[in-house]
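The values are calculated or read from the model by the stated rules, or taken from the named source; none is laboratory data. Note that the structure is predicted; figures quoted are calculated from it, not measured. When we count neighbours, we look across all protein chains shown, and the Cβ atoms used for this are built from the backbone with ideal geometry, even at glycine.
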């Protein structure tokens, strides 16, 4: 039997700390080794206990979650799951940039532990397994965009990217190197609750040269623009005449992943045919495997992030094992390969 996952909880709410301590106690493979109400006490706990995972609030007295994260990632890098409350969603993405791996809405846990407990435990298990060497340095100072002389100008296609846990930082790493005059639209499905995708699109907008927006449905796709699937819904595509548009669909009751990478990529392949480049980045589960299979079946091209850099290798591994990936690439080489693809590929007659 494996050793239990050792957790430290840092949150200024006494009631929430007690709730977590109580509910996690029922999980045989988890053990809470320390509770702290602020970052200063959290520092002492992390140094003393060396936990496998930190559950971290952001807004706390004495030392907030951001200061704690900067200190911890510089001194004792530890997988961290942010517990977000009523704070501005932008704070969550700031914490992810500082090294946090994922986040959960603690208000949902307050309101319905039974409904959200499976997701919570699954994220604890996944985040706790992350190698400490992958926690820092993925997104540092902004990289210069890639310059390609022979970038295509007349091309009808679509770049689709799917990600889950670890995705926000990975997406920034790739997209900040793509130039403003990119020759196709970009569509992204990032597993994320509906309360956060609008703020995430604003975060991406500030860190990339291309225009980023949360897809609303009915927008005509424009080259050099990024369309982010809205939380809680699926991003699909339709063709009307010789123009292409976004098409937003509500999820089915049995949908496992929302927004779905598979549904986005399958729709892209059906709509654009061989002119699709599909990329699966870090994430739990197997979303994207069916989508990449469809892209390949229609003659498109497929990439997946390598285990070397993927924070969680679940999604890329599932696609790779299904033999539906053309190139397996570390994160820092994906943007270069994307630009090479669009400087050499030929459009259909």
Original post:
Which members of segment 198-211 meet the condition of being touching a helix residue (DSSP H, G or I) at 6+ places or on another chain (Cβ under 9 Å) and within 17 Å of residue 94 (Cβ to Cβ)?
Top reply: 198, 199, 200, 202, 203, 204, 207, 208
Original post:
Is it the case that residue 102 is modelled with pLDDT under 80 and closer than 19 Å to residue 231 by Cα?
Top reply: no
Original post:
Here are some conditions: (1) surrounded by fewer than 21 Cβ atoms within 10 Å (Cβ to Cβ); (2) farther than 24 Å from residue 170 by Cα. Residue 290 meets all but one. Which one does it not meet?
Top reply: (2)
Original post:
Are any of the residues in segment 330-343 closer than 28 Å to residue 122 by Cα, assigned by TED's automatic domain parsing to the domain that holds residue 168 and not in a helix (DSSP H, G or I)?
Top reply: yes
Subject >> Checklist (1) crowded, with 24+ Cβ neighbours inside 10 Å; (2) modelled with pLDDT of 95 or more; (3) under 17 Å from residue 310 (Cβ atoms) applied to residue 160, failing item >> reply: (3)
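Would you confirm, using the coordinates I've provided, whether residue 276 is touching a residue at least 40 places away in the same chain (Cβ under 8 Å) and under 19 Å from the mean Cα position of the chain (by Cα)? Reasoning before the result, please.
Working: touching a residue at least 40 places away in the same chain (Cβ under 8 Å): yes; under 19 Å from the mean Cα position of the chain (by Cα): no.
For residue 276, the condition - touching a residue at least 40 places away in the same chain (Cβ under 8 Å) and under 19 Å from the mean Cα position of the chain (by Cα) - is not met.
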Subject >> Sole residue being within 24 Å of residue 193 (Cβ to Cβ) and exposed (fewer than 14 other Cβ atoms within 10 Å of the Cβ), chosen from 240, 206 >> reply: 206
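Quick one: would you say residue 322 is surrounded by 20 or more Cβ atoms within 10 Å (Cβ to Cβ) and free of Cβ contacts under 8 Å to residues at least 40 places away in the same chain? Reasoning before the result, please.
Values: surrounded by 20 or more Cβ atoms within 10 Å (Cβ to Cβ): no; free of Cβ contacts under 8 Å to residues at least 40 places away in the same chain: yes.
It is false that residue 322 is surrounded by 20 or more Cβ atoms within 10 Å (Cβ to Cβ) and free of Cβ contacts under 8 Å to residues at least 40 places away in the same chain.
For residue 169, indicate whether it is assigned by TED's automatic domain parsing to the domain that holds residue 265, assigned to a loop (DSSP other than H, G, I, E, B), modelled with pLDDT of 80 or more and at negative phi.
Values: assigned by TED's automatic domain parsing to the domain that holds residue 265: yes; assigned to a loop (DSSP other than H, G, I, E, B): no; modelled with pLDDT of 80 or more: yes; at negative phi: yes.
So residue 169 does not fit the description; no.
Here's the yes/no breakdown for (1) farther than 19 Å from residue 178 by Cβ; (2) touching a strand residue (DSSP E or B) at 6+ places or on another chain (Cβ under 7 Å):
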{"position": "207", "(1), (2)": "no, no"}
{"position": "210", "(1), (2)": "no, yes"}
{"position": "217", "(1), (2)": "yes, yes"}
{"position": "234", "(1), (2)": "yes, yes"}
{"position": "241", "(1), (2)": "yes, no"}
{"position": "246", "(1), (2)": "yes, yes"}
{"position": "259", "(1), (2)": "yes, yes"}
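Go through 50, 6 for me and flag whichever is at positive phi, in contact with a strand residue (DSSP E or B) (Cβ under 9 Å, 6 or more places away or on another chain) and at pLDDT 95 or above. Step through it out loud before you land on a result.
Numbers: 6 fails: at positive phi.
From the options 50, 6, the qualifying one is 50.
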Subject >> Scope segment 180-203; condition under 15 Å from the mean Cα position of the chain (by Cα) and assigned to a strand (DSSP E or B); matching residues >> reply: 187, 188, 189, 190
Original post:
In segment 214-235, how many residues are farther than 16 Å from residue 160 by Cβ and surrounded by fewer than 18 Cβ atoms within 10 Å (Cβ to Cβ)?
Top reply: 5
**OP:** Look through 319, 304 and report the one residue that is in the same structural domain as residue 173 (by TED's automatic domain parsing), part of a strand (DSSP E or B) and closer than 25 Å to residue 146 by Cβ.
**Re:** 304
Original post:
Being part of a loop (DSSP other than H, G, I, E, B), under 25 Å from the mean Cα position of the chain (by Cα) and free of Cβ contacts under 8 Å to residues at least 24 places away in the same chain, is that true of even one residue in segment 75-97?
Top reply: yes
